[in-house]
Structure formats: structure tokens, C-alpha cells
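As C-alpha cells, the structure follows; a few thoughts come after it.
Each reported figure results from applying straightforward, stated rules to the coordinates on display, with no laboratory input. Source: prediction; values computed, not measured. Cβ sites come from the backbone with ideal geometry, for glycine too, and all protein chains shown count toward neighbours.
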Amino acid sequence: MALLFRDLSLGHSKREASPPTVTVNKSAMVADVLPSPLGQLASKLTDSELRLTAFEIFVAACRTSSGKSLSNGPNSSSNHSDSPSHNPTNSSNSPALQRSITSTAASKVKKAFGLKSPGSGSKKSPGSASSPASGQQKSKRPLTVGELMRNQMGVSEAMDSRVRRALLRISAGQVGRKIESVVVPLELLQQLKLSDFPDPQEHEEWLKRTLKVLEAGLLLHPHMPLDKSNPSAQRLRQIIHGALDRPIETGKNNESMQILRSAVMSLACRSYDGPDSCHWADGIPFNLRLYEILLQSCFDANDESSIIDEFDELMEQIKKTWGILGLNQTLHNLCFTWVLFHQFVATGQTDLGLLSAADGLLAEVSNDAKSTKDAEYSKILSSTLSSILGWAEKRLLAYHETFDHGNVETMQGIVSLGVAAAKILVEDISNEYRRRRRNEVNVARERIDTYIRSSLRTAFAQIMEKADSSRRASKNQPNALPLLAILAKDVGSLALKEKRVFSPILKRWHPLSAGVAVATLHVCYGNELKQFISGITELTPDAVQVLRAADKLEKDLVQIAVEDSVESDDGGKAIIREMPPFEAEAAIANMVKTWIKTRLDRLKEWVDRNLQQEVWSPNTNLDGYAPSAVEVLRIINETLDAFFQLPIPMHPALLPELMNGLDRCLQYYAIKAKSGCGSRNTFLPTLPALTRCTIESKFQGFGKKKEKSPNVQKRNSQVATNGDASFGVPQLCARINTLQWIRGEFDVLEKRIITLLRNSESANVEDFSNGLANKFELSPAACVEGIQQLCEAVAYRIIFHDLRHVVWDGLYVADPSSSRIEPFLQELERNLMTISDTIHERVRTRILTDIMRASFEGFLLVLLAGGPSRAFSCQDSQIIEDDFKSLKDLFWANGDGLPCDLIDKFSTTARSILPLFRTETDSLIERFRRVTLETLGSSARSKLPLPPTSGQWNPSEPNTLLRVLCYRNDESASKFLKKTYNLPKKL
């Protein structure tokens, strides 16, 4: 097939000369249906200007070629004085341009590709003979190729004559030079002067166009990369821009022309292949755009979808421009493929011959792509094929919208073209494809698979809308079909249409095309069916009707898939696997899941409502837990009984979902039970700013209430401390007891579930093997976490809220010897007795430990962050140590309280810090300096920075040492703090 483009013989036709008319191929004038993938020009040349330039190149290339001359018609000279050949200047035209077109043989290319000739009737091809008037028997001479090309490209006789005269002068002055070594626009500027044009305006337009051509070919799109600093390029750019304001005087060998020639030739002679050739129109994409225009001239001006009869001879002449344009057979194949495809699109997509010709040429392009490694070519090839493939896929991804019985042949051509383009893109261009084994990728099959699935999904959505409209129109009629029953019928019809109309075409590239189509429809309908079933809670008549329609549809779809897969390697198993069945059991399971969800939602609502009414009284029953917990467990037992009484064969399969829901409900109860009760940070007071002691009157700040930080106020606002009885210490103890009681009920519940499951008819031995289905997981952890948080909340509430007056506001205020720890111990002991009598015995040690930890922390906070109302001397250290021992003894309770090792563990921090209060001030200051330097390094040598408050008290931590100094009732400490940090004496 490639030979058809490489060895074109000269055909002949009976076209006769008709008065030349300025006509242009209409498809070239319409707005681009597709943007050209061959590249966009950076120049401002219009399509008309490019067409005139392409014609000049064509004439120049054909004039200088050494072709075999064909004789003119016998009367061509004597009978037609008005023809261009009668002009003396035309008599020397090249043989190639002057060949007469006299043969009736059809184009070999047109025969090969099935391209049609111009239609008969009133419309004539540009070179066809005019109908002789009545009584006129005088025949006209046949058209030459040059005249045919002039008519095809819409060039006037005047311009044609002017160009040929100029080329004749050029040839006479440069005998023996090849046209490839001539810069045609430069030589035209040298030869044509103002007097050669009918008016100055046309001369000026020609001059500007010619300069823009030089700019495009030499500056904007050069054959070789051009350095912007190139002096010739700068000079040419100045000449071109200057000529826009002051036109150059052409047709003379003056200084301005010599400067222009020097700059142009310097740029044009830059070459990879020696100094004998000039490069002014062979840079990409400039050359491709000019060649595209030349190829468009092969289409009949009056019938844009037809190739002219003289195609073979005209193409032979067009190919002679390759030397100037820097083209070869490879680029010709690619450009002509695009031109044929673009013409098919631009002429309404009616002529399948154009589509078939483009598809046939892609085979040549594929061979070229395999053998050509040029990066520039690969880029243009990829762009062109991507454009073709993109256009095709817009139609193929929704081919049910685009094609039907009437135009299915067009679909076949577009599929063939798209698949061919995709194969070249993937197999010949893609590096990823080369890295993988070729037998892993079937490009054609993958593309067809994508088209089928995409189009069927789109078609399904459309019939879904149609079915919905039909249902709404008949909703007031008796026995109206449900939506999914209507949809099932329409989907069945769509599947039959796919099988009869489209699958026979697509099967050429995908052997299981019908199977893929019905599998896609099966999935689409299955998704809608699942949504339908999820919205019902019982098998209503509508639900039964839908399930029957779905069952019939499924059988029809599976039958088509099986028939389509008879000859496949796996017997269609892969397709069948894509079609999960519409099983009634699955529908029932979904309805049971809806039942489970409804029950769980009601249980959650009940939990919310009863928790709002719960008073959390520890005196409700002997074990001190809340009645709401009893009710929650009762409803859970009722739900389990109701579940196992459902007439379904899948209790073991659905039990995990029920268990998970019940587990989450109990988890929700545990979370709500602890909600709003606070935590350690809720009750901790805000640390006051650091101050130093006032030696003269060390209690100036006493009695002033420190303002709480915004964070503490916000935190405390979430916890009721006054007026809400449900958050008092007894109520918090009731919450703890409740969660502990629920923990004890988990084993009872799980054993009961096993019993119910064993009595179920659908149970199997493996349902009891792992026991995972009947285990609570989230709620036990939530109960443990809730108990821990509530115990901590009780402890810190007691120390920092309920006993605030004897700890934070009373302990060691003013004089330590007169405000010791005894009032705090008395109040604390009463609280411990109450809690011991109220709390569940399994939690008692835990909560007492938390209270001890909170009391130790409160004791340290008084010593290290008690505010300016407190000050300690070294002599007060014994009081402090004795008081802390009394505090520990309270929790030891002569051996009846907490274990000694537990008390020692939580008193470690306090015991390590108390010796600081008997350490001399100077020693403390020196230790503070040393620790600060060790902690902060060299940055602290000039001035000691204020160490940040970490909250982790430690005798080796700078902030802890600083706080001991702040509360040291000593002149040295006060002066050191004044000098080092300028701390105030009061807040």
C-alpha cells in the first residue's frame, strides 16, 4: 500500500480548460472542527497568506524539477489566446507545470482506498470542463497541473503570472542551482518591484507577507535552534520590524536589499548537511502547516468530501516540495493521515471513504513509527494520534448516543481508526509498553472493553430516567409497575439491541464484547436493586414484583453472556464472575440488617432519653448502680430474643452485625455515663504568676482572689460544680458502680448468646469454633476507661474543689506554723470514709489511690505555686515534712489502708523536693544557676533566662528550684529574684 504513495504515475483526464476562478476548498475555510495537532505557528500569518506562500513553494519546486514533459493539446496555443500559456512569459514554464491532464484513468490511490470522485451534476470539479453552450462546438484545451493547482488553491491568474515571471528571472540568473539552495521569498523580493503590481496596496500586502514568511521560517521556526543573540537574527528582526513602518524598495539591488540578503542567507545557510542547501521553510511546525495546505488542495472545491480525479498527478507534483519543506515519506504519511481525517470530520462525517483512507494510511504510519527514532517526529506523531483518538473516543465512550441501525457502518470505521491510533500510541511510542511483555497488553481489546462499559453505563442512566418518568406518569393507575420492574424490562431490551447491532462490530476486536456489555448492565441494575432492597423492611407486593423482574433479567443477561463465551478459553468464567447474582437470600439479609439498624437506633434513643432522666443515686439499690443500666441490659436481652425468633436461615451470618451494634450501644452508654464529669485538668487550679517574698510585709497579697485563666474557666464550665446534684461525689461513685456492674454482666450476656445460637436451626459447628461473633469488644474497654476517668475526677474534685478551702485557700497561708495540715486531714478522712462505704469493693483501691495521688499533688502545688500569700523559711521545713508524713499516714491507716509500696511510689516526687525547703538560700541559688546553665547551655552565660513551667516537679529541674526561691522568706532570695528576673512582690 505504501507504494501507492511512493510511485505515483501520471494519470490523464478529459478535463478541459475553463476560465480560471478564485475558488478555495471550503473545508479549509470553515472554523476548525479540530485544532491542528501538527503545531501552532508563532507568526501572525493568516490562512490566506499561508496558502499563497504554499503556492509559491509549489510553483518553485515544480518549475525546477526535471520531469518528463507531456505534450499539450493540439490547439492549446493557437485557439486560446487568453490562456496563461499564450503569454510569452508562460511559454517557458516547467514541463511539470505545463503537463496536460488528458487521460481518463482513475487515480490509483483513489481506487486503493475507495475514495470517491466529485459528484456529477451541476457542481463541477475546479478543473472539469464547462458545458458547451448550444451551437458551440469549439473545444477548449486541457488544463495543466499548474493551472489546476492554481484553481484548487484559489490563486489569481495575476499572482500566478507574477510569480512565474519572477521564478523565470531567478532561474536565468542562477543557472544550475537547485531550488533547495534558493531562498524563494528573498529572491521574489529581489525580482518583483512596485510596477509588477496593479496598485501600491497589493504590493505592500505582498511585501509584508513575504517578510512575515522569512520571519516565520528563519526566526520563529528555524530548521536549527537559533541563539537569540545571533547578530544576523537580530539584524533580520530589525529589518522586518522597520519595514512595517517604512516599506523596503523591492526589485532592485540597493543597499537595503543587500543588507536583507546578507542577514537572510547567513541564517538560511546554517545546516546540518553542508553549505549547498538553504533552510528557510523546513522548520517544524511551519513546514507541516504549509504542507497541510498543499494536501488540502487535493479535495474537490465543489464536493469537499471527494478527491479530484487528477489526484495522482497532482500528488506527484506536491511531493516535489519535500526538498524545500524538509519532508520525507514518513512525515507525508502522517500529515496526509491527519488531512484525510480532518476532511472527514469537517465535511459532516458522511464519506466513509475518507475515514477508510485515513485508517489505511495508519498502517503505513505504524510501520514508520516502528522504524523512526526521531524525537521531533515522535512528538508530532503522539500529538496527531492523540487528537484522532480523543475525537473518536468522545463518540465511542457513549456510542449508544451517537450510533444506531442507520449509521452503524460509520461506527465501525471510527472504531477501527481509534483502535489503530491507540495501538500506535501504546505499542510504538509508549516506553511503559516496551518495558512490559507484549503478550500482557492487548491494546485493542482494552480500548473496546472501555468503550463498551462506558457507553452501557451512560445508556443505563438514560433508561433509568426514562423508567422514572414512565412510573410517575402511571403512578395513579391501578397495578402500576414499580420503577425497578420497568427498568428491568428496558435493560433487557437494551441488552438485545447491543447483541444484535453493536456486538457484531465490536467482536472483531473483543471476542467477548456482548458478555462485557451484559456484565456491565448486570452491575448497573444490581446497584439499583441493592438500594431498593435497603429501603424496605418487609417483603411487600412491590418488592416481590421487583425481585421477579430482576430474576428474569438476570437469566436473560446470563444467557447472552454464556452464548457469547462459547468459544472463549475459560468458557466465560471471567465474565460470569463480574455478575454477582441477584439472590433472594441477599435481599432477605439486607432487610434483616435494616431491622437490626432500626432496633439499634431505638436502643440508642432510649439510652439518650433515660440518661437525661438518670439521677445517679448510690442508694437506689444495695450495689449502688443506676436503674438505667438495668433497663439497657433488659432491652439488649429482648433484642437478642427477637433476633433469634426471625424466620431466616442466616442467624450465624448476621449475628456479628447485631453484636457489633449492641457493643456500640453499650459503649455509647459508658461514654455518656462519664460525659461531663470532668477529669484531672478540669479541677486543677491555674498557677499564679511568679513573685518574690516581701520581707517587710510578706502577706500583702493575702486575701486577693487570683483570676482564673480563660482555659480553666472554659474547662470548668463543662462540669457542674454547684447546683447540679448529678455530678457530686456520691453521684460520681454511682456512675463508677454502674460501669463496674455492667463489666460483670458481659460474661452472662455472652453465655446466653451461645445458648441462643446453639438452639438456632441454621447454626453450624464452625459458628462456635472461634467465638468471635458473640464477644463484646468496644464496650468493656469503654467501661474500663470510664471507671479510670471517673475515679480520677472524684479524686481531683475532692482535693481541688470540695476541700479547696482547707487546701488551696487555707494550707500554709500567712504563717505556716498557724495554718498547718490538720484541718485538711480531718475533712479528707471524712470523705474517704464516705467513699469507702459507697464505692464497689473492686474499685475501692483504685479510687483511694487516685485520691492519694491528687492530695500529694495538691500539697506540692501549695508549696511551689501557692501564690504570694505563702512564704517559707528554712525553719518551716520541719513543719512541712511532718505534715506530709501525717498525710501519708492517713492513707496507710496503721496498715488498714493502702499498701506501703503504693504510698511510696506516689510520694516519690514530694519526698525528693521537700529537702529543698531546708536547704540554705545561697546553696539554692548556686544550684539553680548550675542547673540552668547545664540545661540551657552557653545561651545562659550572659543572663539567666526564665525557665519555663513544665509542671513536672523535680529537684534537678530549674523551674522547681526557682519556685522554691520565689517562696523563700529570705532577703538574699528576694534580691536575687529582683536582680535576675525583676519579679514583683505581689500580683
Using θ = phi - 60° and Karplus 6.51 cos²θ - 1.76 cosθ + 1.60, couplings along the range 313-326 (whole Hz; Gly, Pro as x)
5, 5, 5, 4, 6, 4, 5, 5, 7, 4, x, 6, 7, x
Roughly how many Å is it from the Cα centre of the range 399-421 to that of the range 786-850, as a whole number?
85
Of 319/394; 499/555; 507/555; 319/379; 497/530, which ones are farther than 27 Å apart at the Cα?
319/394
Using Cβ contacts closer than 10 Å as the measure, can you line up 752, 664 from fewest to most?
752, 664
Karplus (6.51, -1.76, 1.60) ³J(HN,Hα), θ = phi - 60°, over the range 971-985, in Hz, Gly and Pro reported as x
5, 4, 5, 5, 5, 4, 5, 5, 6, 7, 10, 6, 6, x, 8
Filter the GluC sites (Glu not before Pro) in the range 514-598 to those in DSSP coil with at most 13 other Cβ atoms within 10 Å of their Cβ, and list the result.
538, 567, 583
Taking a 19 Å limit on the Cα-Cα distance, which of the listed pairs 44/208; 593/674; 178/208 fall beyond it?
593/674; 178/208
Aspartates and glutamates whose Cα lies under 19 Å from that of residue 466, excluding same-chain neighbours fewer than 8 positions away:
401, 404, 490, 498, 528
Positive end of the dipole of the range 448-582, charges at C-beta (+1 Lys, Arg; -1 Asp, Glu), about the Cα centre: which of 575, 559, 521 has its Cα farthest in that direction?
521
Just rank 272, 291, fewest to most, by other beta-carbon atoms within 10 angstrom.
272, 291
Just want the answer: with Cβ charges of +1 for Lys and Arg and -1 for Asp and Glu, which residue in 392, 346, 378 is farthest toward the dipole's positive end in the range 324-418?
378
Sort the range 448-582 into rounded, prolate or oblate with this rule: let a ≥ b ≥ c be the square roots of the eigenvalues of the Cα gyration tensor; rounded if a/c is under 1.5, and if a/c is not under 1.5, prolate when a/b is larger than b/c, oblate otherwise.
prolate
For residue 604, counting only aspartates and glutamates whose alpha-carbon sits under 17 Å away and dropping same-chain residues fewer than eight positions off, the answer is 614, 631, 638, 657, 663
Could you let me know the centre-to-centre spacing of the range 500-549 and the range 575-610, using Cα atoms, in angstrom?
22
Amide H to amide H, which residues 5 or more places from residue 872 or on other chains are under 5 Å from it, using H placed in the peptide plane?
968, 969
